[in-house]
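The values are calculated or read from the model by the stated rules, or taken from the named source; none is laboratory data. Note that the coordinates shown come from a computational prediction; the quantities given were computed from them, not determined experimentally. All Cβ positions, even for glycine, are placed from backbone atoms using ideal geometry, and neighbour counts span all protein chains on display.
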Amino acid sequence: MSNLENLYREIILDHYRSPRNRGELASPPAHKVEGFNPLCGDEVTIYLDVHDGVLADIKLTGHGCSISQSSSSLMSAAVKGKPLDDVHSTIETFKELMLAHETKVEESEGDSANLRTLGELAALAGVVKFPVRIKCATLAWNTLAQGLQEISN
């Protein structure tokens, strides 16, 4: 296993063992949205506090496998306090990463510039090698997108 793969594994385990932004926000003003993966039982509830076009705060609850829970934690850390345009861009970038073919992931693993733009989210790039786990990794991201869509309506 390469040093990069070891680093990624450590990042995933760290976010699984010590998830960021765990808990609930008072509703209202927070918007609550729930996501569920019936194939494996992963669940996530996301609480969003949006003010003046910024995702001011985000909290998460739920349970599931290490990939779904660490992805939720990584997501919350990546988007908290960001303008909504940046949040939408980060969601799209992450979804593109998850839709990449394995060969593209292997090429991007060697491209340090691409990895730097993803930050810690690059730790989840290896999930693409296990297609059955992609739904685990994207559950929180799809739930976040749904919540932001509900807020904008």
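Summary of computed values
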| quantity | calculated |
| --- | --- |
| Residue in the range 73-93 that is in contact with a Lys or Arg (Cβ under 7 Å, 6 or more places away or on another chain), buried (at least 17 other Cβ atoms within 10 Å of the Cβ) and charged (D, E, K, R) present | no |
| Counted residues, the range 12-29 - those being touching an Asp or Glu at 6+ places or on another chain (Cβ under 8 Å) and surrounded by fewer than 18 Cβ atoms within 10 Å (Cβ to Cβ) | 1 |
| Residue match in the range 64-79 (condition: in contact with a strand residue (DSSP E or B) (Cβ under 6 Å, 6 or more places away or on another chain), of a type in the set (Val, Ile, Thr) and at pLDDT 95 or above) | yes |
